[in-house]
Amino acid sequence: MRVLVVFHYWSSPEVQYETFRRLAEHGHEVIAIHAGVYSSFSVDKPYERVTVYSLPYVDFSFKGKLTPKYPLFIGLNRLLRSLEYDVMIIASHLFLTAVQALRIALKMDKPTILGVHGVYAHRGPVLNSIQRIYLRTVARWIFKKVDIIRCLTLEDAQEVMRYGAPSGKIRIIPNPINTDLFKPRIKRVENTLIWTGRMVPEKGLRYLIEAMNILVHKYGHRDVHLLLIGAGPQQSLLFRMVKKYQLNNNVNFLGWLPRRKVAEYLSKATLFVFPSLREGMPFSLLEALSSGLPAVGSNVPGVRSLIIHKHNGLLVPPKDPTSLARAIAYLLKHRDLRLEMSKNARKYVMANFSYQRVLPLMEQLYTEAIESHYGHSRRRS
């Protein structure tokens, strides 16, 4: 099968390349399109049966303040009409590239699958209001025109239905994880907390720094260390908060790291902390659980679907640094409970999110989209 994937941009290209490689190993041909450098067009073949096109684009992200990129492709119509493919996967409904790709697919009578990775991004009152208008208009049109909608969680499925997505089109298939790369180690470094991701407001990192202040200066955990892996527009704010609370000896900013290095840090840490305000199905949390890390996270959509309270971690109210600090302190104190949660975390990921489990579901989805589309086309004619 020839699978075409249209992305807006890649925040974690290594993750996408891993999925492409796995599909190619199963005999599929993968064609991927994403936003490259503003004015450049390039083609890459990272693996046999995998071709990646980087397209030039116009950017509406306000210099990266909203998202790293908010692209409108240049030359997408010409490229898509030159390619042969069986099914088109559109990576998100929140970007104008989804509208571009879907309009072309409809004209070419091609099967389409929409990926929903979180229904909207938390960006403050004004932008949230704009997103809701978008969801009721543009996204509603996308939901109705695609053949299949792939949601990662039941909560996302229920929410997109509120914005007009037909329930009969929705399928729930989670993200897959490389469980061979992200795996536990026997020896861990005590009192080491870790977080990975992009430093944007919806990740709730300011509340994590405030929780660290409580842990160190109120609870007396002066030997606890927090490792932050990633970067983003909130990084300077977090630097200032660390300095203000005198946490320079307790918080380390490691920047972006290769996935193998991230896996190494995860395998050595004590706890994963994830104070997000909203998520789809975060790879960073899945990778931590796969590494056997108990997790302390916010009780919000996308997080509570992965952290099972008191089984593989603890859930706390969002925007509540005191509850976050209390939960972290509790797990640091109870080593036997951490060890039990560690085993449960790994078992949970292996049973539900390994490539061996998820890849056949993805292949089945592609086949269903093709059969559904051409069945409907014949009935319309």
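The values are calculated or read from the model by the stated rules, or taken from the named source; none is laboratory data. Note that the structure is a prediction, hence the values are computed from the model and not measured. All Cβ positions, even for glycine, are placed from backbone atoms using ideal geometry, and neighbour counts span all protein chains on display. Note: areas computed on protein heavy atoms with side chains; ligands, DNA, RNA excluded. Shrake-Rupley method; radii C 1.70, N 1.55, O 1.52, S 1.80 Å.
Points worth noting:
- All distinct Cα pairs of the range 274-381 go into the 1/r average, and the inverse of that average, the Kirkwood radius, is 15.7 Å.
- Here the accessible area is traced with a 1.4 Å probe on the protein chains. For the range 160-210, carbon and sulfur cover 53 percent of it.
- Convex hull projection area averaged over all views, the range 1-158, Cα basis, nm²: 9.5
- Part-to-part distance (alpha-carbon centres) for the range 331-374 and the range 296-329, which is given in Å: 19
- Panel note: the C-alpha atoms of the chain, placed on their principal axes, show extents of 71, 40, 39 Å (largest first).
- DSSP-defined antiparallel bridges as percent of all bridges, the chain, nearest 5: 15
- Using a probe of 1.4 angstrom and keeping all protein chains present, the accessible surface of the chain works out to 45 square angstrom per residue.
- Of all DSSP-defined beta bridges confined to the range 192-276, some 0% are antiparallel rather than parallel.
- Peptides 49-58, 351-360, 266-275 ranked from most to least packed by the mean count of surrounding Cβ atoms within 10 Å: 266-275, 49-58, 351-360.
- Rh (Kirkwood; distinct C-alpha pairs) - the range 103-226, Å: 18.3
- Size of the range 177-310: Rg and Dmax of its alpha carbons, in Å, are 14.0, 40.
- Centroid-to-centroid, using Cα positions, the range 207-224 and the range 120-191 are 33 Å apart.
- Cα gyration tensor shape of the range 250-324, rounded if a/c is under 1.5, else prolate or oblate by comparing a/b with b/c: prolate
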